[in-house]
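Please read the structure below before turning to the comments.
The values are calculated or read from the model by the stated rules, or taken from the named source; none is laboratory data. Everything numeric in this text was worked out from a predicted model, so none of it was measured. No Cβ is skipped: glycine too gets one built from the backbone with ideal geometry, and neighbour counts run over all protein chains shown.
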Amino acid sequence: MPLHLKRKRNHMKLPENVFKRRLSEDGVQYGLWLGLSSPIAAELCACAGFDWLLIDAEHAPNDYRSALSQLQVIEGAGTQAIARVVDGNPARIKRYLDAGVQSLLVPMVDTAEQAEELVAAVRYPPRGKRGLATSITRASRWTQIEGYANQADAQICLIVQAETVAALDNLKAIAAVDGVDSVFVGPSDLSASMGYLGQPGHPEVQAAIAQALRDIAASGKAPGTLAGTPEAVRAHTANGAKLLGIGSDTALLVSGCRSLLNSVGG
């Protein structure tokens, strides 16, 4: 090819983590849990206009590849994606970050020490321990994002999930860990930990969630939880919630199927 016809290398920009930025702004971000493990369902939900969609790899039948395909269609539709990993294993976290996940939810974080280990897992040295391999990773767009490694840490949003009595006992210390962006209170596991298995709406559980949200907000970090009704949305927002999961694709499908069948007397 003649020299004057050679194309210049197309250097891409690292995508801004809009979700992370909005956590520090006024207002609440509303999201939906994805449990169907389907890129088509994920794209459909992304087009509906939610602020964020969470790809659940803890309880839903997602694997790494199905999570990646959903991440791609969610981003393509212009919605913010969060991935919930199975646990805090640094090797597993590394794979999701290398796939391009910028917002990560880690379940069952009970202590500040666990939170500190997670911060190290999502950051490159010298601030952390994340392994570096840009030439084969989607996160760097296979080295087409110039200087990816030097920019990546600033765009990673770490959300730790408080789901037990132990986590609530250590909540202020967890929220104080530098590098934790948000603490998300999990009602279902918390209810079980408090002795109210399957009763996340129990008054004592709800009172504990309300206090936790206030404590997280007071720490300067973004509080989050689940809110299944408009009343719950108002209550949690009043207590400082900045991100609320207001449903799931699975629940919407079940509800829609039952409603349709009932409408014809089935």
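Looking at Arg138, Arg92 in this structure, which one is without any contact (Cβ under 8 Å) to a residue 40 or more places away in the chain, farther than 19 Å from Ala208 by Cβ and surrounded by fewer than 18 Cβ atoms within 10 Å (Cβ to Cβ)?
Result: Arg92 is the single residue among Arg138, Arg92 that is without any contact (Cβ under 8 Å) to a residue 40 or more places away in the chain, farther than 19 Å from Ala208 by Cβ and surrounded by fewer than 18 Cβ atoms within 10 Å (Cβ to Cβ).
Screening the candidates Ala208, Ala217, Ala227, Ala212 for the property of being under 20 Å from Val183 (Cβ atoms), at pLDDT 95 or above and out of contact with any strand residue (DSSP E or B) (no Cβ under 8 Å at 6 or more places or on another chain) yields one hit, Ala208.
Apart from one condition, Ser37 fits all of (1) buried (at least 18 other Cβ atoms within 10 Å of the Cβ); (2) on the phi < 0 side of the Ramachandran plot; the exception is (2).
Yes or no, residue by residue, for (1) assigned to a loop (DSSP other than H, G, I, E, B); (2) not aliphatic (A, V, I, L, M):
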site	(1), (2)
Tyr30	no, yes
Leu36	yes, no
Gly49	yes, yes
Leu71	no, no
Ala91	no, no
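Scanning region 189-226 for residues that are surrounded by fewer than 18 Cβ atoms within 10 Å (Cβ to Cβ) and basic (Lys, Arg) gives a single hit, Arg214. Which residues, taken from region 128-159, are assigned to a helix (DSSP H, G or I) and among the acidic types (Asp, Glu)? The answer is Asp153, and nothing else. The number of residues in region 207-228 being outside any helix (DSSP H, G or I) and more than 19 Å from Gln29 (Cβ to Cβ) comes to 0.
Conditions tested, residue by residue: (1) under 19 Å from Lys242 (Cα atoms); (2) among the β-branched types (Val, Ile, Thr); (3) outside any loop (DSSP other than H, G, I, E, B).
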position	(1), (2), (3)
Gln161	yes, no, yes
Lys172	yes, no, yes
Leu190	no, no, yes
Tyr196	no, no, no
Pro200	no, no, no
Val205	no, yes, yes
